[in-house]
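See below for the structure under consideration.
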Amino acid sequence: KIVTINQRCVYNRDGIQSFVHRGIILCDKIESERPDVIGFQEVTPKSITVLERLLPDYTFVGQFRSENFDVEGLFIAVRKDTCDVLGFETVWLSPTPYVPGSRFENQRNCPRICVEAKIRHRESGKIFRVYDLHLDHVSDEARILGIKSAFEFIDSFKDDAPIVILGDFNAKPEKKTIEFCNGRSDIRDVT
C-alpha cells in the first residue's frame, strides 16, 4: 500500500488546516491504514521531527528544497517491517538538477524537487522505485518544465524496476500539466 500526503506547512496563516492541527489526525490515519510507503509534501524541519517521533515504525528519507537545505521539502516514509530502503536521491526540478536551490526562471521563487527512493519489498524480494515530487503552484508552464525535468531523472535509471510517481502536482485534471502526463504511454493513473 502506497499513499501520498500533502501535510501542509506549519504556518499560522493556514488556520485549522495547519499541520499543528492536522498532524495527530494524519498520524492516527497512518496508524490505522499501515501503508508500506508514504510520500509527504510540504515537510518542514519542525514537522519531520514530529512525524519521526509519532511514526517510529517508518524510515524517513528525503530532502529540504532550498539552497540551505531548510524551510520545506519532500520525504518518503518506508515501513521498517515490510520494506527496506536501498538508497535515495534528490534532484531539483530545474535546468541544473544537482544544484541545490536551483529553479526554472519562469516559476515562483520556491525551488521544486523530486526525491527518489529505491525500495525492496521484504516478502516478495521485489525492488521498486518511488518518486515524490511537488510542482509549482502558480504556472502550468513551470509545472510542465518541472514534470519534464522529473521524467528525465526517472528515465535516467536503466533498470526494469517498476516505478510509482506521487506527490503534489498542483494541477486539476483538466490542466495542461495533467494532459502532458497523460500523453506518456508508459504512465497509468491508479488513483
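A few remarks follow.
- Yes/no for residue 41 being in a strand (DSSP E or B), in contact (Cβ under 8 Å) with a residue 40 or more places away in the chain and open to solvent by 20 Å² or more (accessible area, probe 1.4 Å): no
- Some residue of the range 112-119 being closer than 18 Å to residue 1 by Cα and either at pLDDT below 90 or in contact with a His (Cβ under 9 Å, 6 or more places away or on another chain) (or both): no
- Of everything in the range 135-152 that is touching a Cys at 6+ places or on another chain (Cβ under 8 Å) and either open to solvent by 10 Å² or more (accessible area, probe 1.4 Å) or modelled with pLDDT of 90 or more (or both), the residue that is farthest from residue 165 (Cα to Cα) is 137.
- Checking each residue of the range 105-113 against the condition of being without any contact (Cβ under 8 Å) to a residue 12 or more places away in the chain and more than 19 Å from residue 154 (Cα to Cα) gives at least one match.
- Hits in the range 111-134 - residues which are open to solvent by 30 Å² or more (accessible area, probe 1.4 Å) and in a loop (DSSP other than H, G, I, E, B): 122, 123, 124, 125, 126
- Members of the range 153-191 that are of a type in the set (Asp, Glu), modelled with pLDDT of 80 or more, open to solvent by 50 Å² or more (accessible area, probe 1.4 Å) and under 27 Å from residue 7 (Cβ atoms): 174
The values are calculated or read from the model by the stated rules, or taken from the named source; none is laboratory data. As the structure is a computational prediction, the values presented were derived from the model and not from experiment. Glycine also receives a Cβ, built like all others from the backbone with ideal geometry; neighbour counts cover every protein chain displayed. For the accessible areas, the whole protein counts, side chains as well, though only heavy atoms, and no ligand, DNA or RNA atoms are used. Shrake-Rupley method; radii C 1.70, N 1.55, O 1.52, S 1.80 Å.
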